[in-house]
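The values are calculated or read from the model by the stated rules, or taken from the named source; none is laboratory data. Being a predicted model, the structure only gives us computed values, none of them experimental. Note that we place each Cβ from the backbone using ideal geometry, even for glycine, and neighbour counts take in every protein chain shown. Ligands, DNA and RNA are excluded from the accessible area calculation, which covers all protein heavy atoms including side chains. Shrake-Rupley method; radii C 1.70, N 1.55, O 1.52, S 1.80 Å.
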Amino acid sequence: MPTALVTGASMGIGAAFARSLAMKKYDLVLVARSQDKLGELAHELTTNQGVKVKVWVADLTVPTAAQGVFDAVKSWEWTVDLLVNNAGFGDYAAFVSCDRSKQISMIQLNVLALTELTHLFLPSMVERKSGSIINVASIAGLQSLPYLSVYAATKAFVVSFSESLWAEVKGSGVKVQALCPGTTESNFGVAAGMDKMMENSTQTPPKVATAESVVKESLDALERNEPIVVTGFGNQVVSVIGRFVPRKTLVGWVEQVFRPKN
């Protein structure tokens, strides 16, 4: 059986990736901070799908954690065929008033841990001429977002980094994808504090995609070796608006939409 490693696997898109891949008979390495949630998911997948599941509890905002994940997999003598770098978080606030340590942790998780895990697992894939990496970005990586400025910048890094790697390894048998979902069923909005954005807002709440639909689009596109996947037709439309509207005009409009209402 092939093996997939999924970070941020305890809920949302990460858990949906784990369930979908288990149905495709991937053995799994599940990485997240929550021992209980990972244990419950591992039990579910081994019972229902008959796959092998290893759980590794780690906080990837800690600089040494990515190396720890790699060392654990190596000690088990498992080969990772698909790496899903899904772990990440955002923080909704004006940059001047945000918590600095939280922004640094965000960069550590969304950028540095993702980059390190990719650098650790990619060489053996290239050597085997087989393997795939899915880096979960966001449509936020395609447009500057006031009040989510650091988050959007980290996801812009993920998009650029992944697309560049796709081109570097094209033809080697290895696939790399930047997955750019829009608003998706998950704990992201609450954790980021984005519930404040909609308080007393006259804006129509965005359509929320299921994590399962995002994962299906990603895995279908991986078969086609697409370097960037923007999930959902509406998000695809939004992602190209910047080609036709001056950036100054567009970011000014986005600032009004995202401005805290209180």
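If you roll a 1.4 Å probe over the heavy atoms of the protein chains, what accessible area per residue do you get for the chain, in Å²?
50 Å²
Ignoring everything except DSSP H segments at least 4 long, calculate the 222 nm mean residue ellipticity for the chain; use -39,500 (n - 2.57) per segment, divide by total residues, nearest 500.
After summing the helix terms and dividing by the residues of the chain, the value is -14500 deg cm²/dmol.
So what are the ³J(HN,Hα) numbers for segment 111-124, from phi and the Karplus equation (6.51, -1.76, 1.60; θ = phi - 60°), rounded to whole Hz, Gly and Pro as x?
For segment 111-124, the Karplus curve yields 10, 5, 5, 4, 5, 5, 4, 4, 5, 6, 9, 5, x, 5 Hz.
Within segment 36-118, what whole-number % of the accessible surface is contributed by carbon and sulfur, with the 1.4 Å probe and all protein chains included in the calculation?
54 percent
Going by a ≥ b ≥ c, the root eigenvalues of the Cα gyration tensor, does the chain fall in the rounded group (a/c under 1.5), the prolate group (a/b larger than b/c) or the oblate group?
Prolate.
For segment 76-132, which GluC sites (Glu not before Pro) pass both filters: DSSP loop (anything but H, G, I, E, B) and at most 16 other C-beta atoms within 10 Å?
Passing sites in segment 76-132 are Glu77.
Dipole of the chain, Cα-centred, from +1 at each Lys and Arg C-beta and -1 at each Asp and Glu C-beta, to the nearest 20 debye?
Its charge dipole is roughly 460 debye.
Taking DSSP loops as anything outside H, G, I, E and B, show the longest stretch in the chain free of chymotrypsin sites (Phe, Trp or Tyr not before Pro) there with at most 16 other beta carbons within 10 Å.
Longest stretch, sites excluded: 79-243.
Just round it to a whole percent: the fraction of Cα-Cα distances in segment 4-43 exceeding 11 Å.
Of the Cα pairs, 55 percent sit more than 11 Å apart.
In whole Hz, what ³J(HN,Hα) sequence does segment 86-94 give by Karplus (6.51, -1.76, 1.60; θ = phi - 60°), x for Gly and Pro?
Working through the residues one at a time gives 9, 4, x, 8, x, 8, 8, 5, 5 Hz.
Between Trp76 and Val237, how many nm apart are label points set 7 Å from Cα along the C-beta direction?
For the pair Trp76/Val237, the computed spacing is 4.3 nm.
Among all stretches of the chain without exposed trypsin sites (Lys or Arg not before Pro) (DSSP loop, at most 10 other Cβ atoms within 10 Å), which one is longest?
The answer is 1-206.
Considering amide H positions built from the backbone, and no H for Pro or chain starts, which residues 5 or more places from Ser132, or on another chain, come under 5 Å of its amide H?
Leu82, Leu83, Lys175
What list of ³J(HN,Hα) couplings, whole Hz, do you get for segment 68-85 from phi and the Karplus terms 6.51, -1.76, 1.60, once you set θ to phi - 60° and write x for glycine and proline?
Once θ is set to phi - 60°, the couplings for segment 68-85 become x, 4, 4, 5, 5, 4, 4, 5, 7, 6, 9, 10, 8, 8, 9, 9, 10, 7 Hz.
Considering only protein heavy atoms and a probe of 1.4 Å, how much of the accessible area of segment 204-255 is carbon and sulfur, as a whole percent?
Of the solvent-accessible surface of segment 204-255, carbon and sulfur hold 62 percent.
How about Lys102: which aspartates and glutamates have a C-alpha closer than 15 Å to its C-alpha, ignoring those fewer than 8 places off in the same chain?
Within the straight-line cut-off, Lys102 pairs with Asp59, Asp91.
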